[in-house]
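The values are calculated or read from the model by the stated rules, or taken from the named source; none is laboratory data. Being a predicted model, the structure only gives us computed values, none of them experimental. We place every Cβ from the backbone using ideal geometry, glycine too, and count neighbours over all the protein chains shown. What goes into the accessible areas is simple: the full protein's heavy atoms, side chains included, and nothing from ligands, DNA or RNA. Shrake-Rupley method; radii C 1.70, N 1.55, O 1.52, S 1.80 Å.
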Amino acid sequence: MIKKILTLSSILVLASAAIAYADTITLVGPIANHNYQQTTNSPCVIGNPSCNNPAGFNDTTIPANPAGHTYNMVASPIYTVSQIESIVASNAFWVGIDINQTDVPQTLDYFAMTVNGVVTDLFSTLTSVPSSNNGNGYADYLLETFQLASFAGTDSVQFIMNMPLANDGAEQFFLIGAGTTPPPPASTPEPSSLLLFGTGLAAAAGLARRRVVSAVRGN
């Protein structure tokens, strides 16, 4: 009996150690603009049949209507560190999520990257993820930031996701190079606003000039 208890304890310790040092991944979104689209430079690791991946970089295809309306710990193919880095042109990257749904927000509660079978980067907070971008392959959310800098090129990499609620077309989870992808464009004043601003400056300058002239004449 004692031997069985020790064996069970050892299993639990090993399981917890596998994620003890995992980096926490941040979920950013919803993204309002069509800033990130799944292309040959942003390959899917998990996605639907419309994913456009370069030759030799496969993804796990998921059904549009999963059994029980949930994706249960779906795993990507196994890659190497070198393979990932060559695709994203960096050792740091994001994962874009294209949500496909009807009128019910879907939920994500787990997305992890493992290296050599150990979880190194982890998102694990139950979160509602409604769609924000219409159109095929546009990221509604970003998972930031996955790191591979400390690993050897031959180390194995895999991605795992869990969605407790998924009620429509299959999602896309695709890689985006964090070092090469620009942030969403900053808002800029409309041309009409700039024109009004310039007119206001000119009027203020004219008023100041008249005051100076009046003061000189008064003296």
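Distant-in-sequence amide contacts of Thr60, defined by a placed amide H-H separation under 5 Å and a gap of 5 or more residues or a different chain, comprise Ile46, Gly47. Between amide H atoms placed 1.01 Å from N, distances below 5 Å from Asp140 occur with Ile97, Asp98, Ile99, all of them 5 or more places distant or on a separate chain.
Arranged from highest to lowest average of other beta-carbon atoms within 10 Å per residue, in what order do the peptides 84-91, 114-121 appear? Please list the in-between numbers first.
Values: 84-91: 18.6, 114-121: 16.6.
The peptides rank, most packed first, as 84-91, 114-121.
Computing FRET efficiency as 1/(1 + (r/R0)^6) for Ser124 and Asp168, where r is the C-beta to C-beta distance and R0 is 30 Å, gives about 0.80.
The accessible area of Asp23, taken with all protein chains in place and a 1.4 Å probe, comes to roughly 80 Å². Phi angles across the stretch 54-70 convert, under the Karplus curve 6.51 cos²θ - 1.76 cosθ + 1.60 with θ = phi - 60°, into 3J(HN,Hα) values of x, 4, x, 10, 8, 9, 8, 7, 10, x, 5, 10, x, 4, x, 6, 8 Hz, Gly and Pro given as x. Treating r as the C-beta distance of Ser82 and Val28 and R0 as 45 Å, the FRET efficiency rounds to 0.95.
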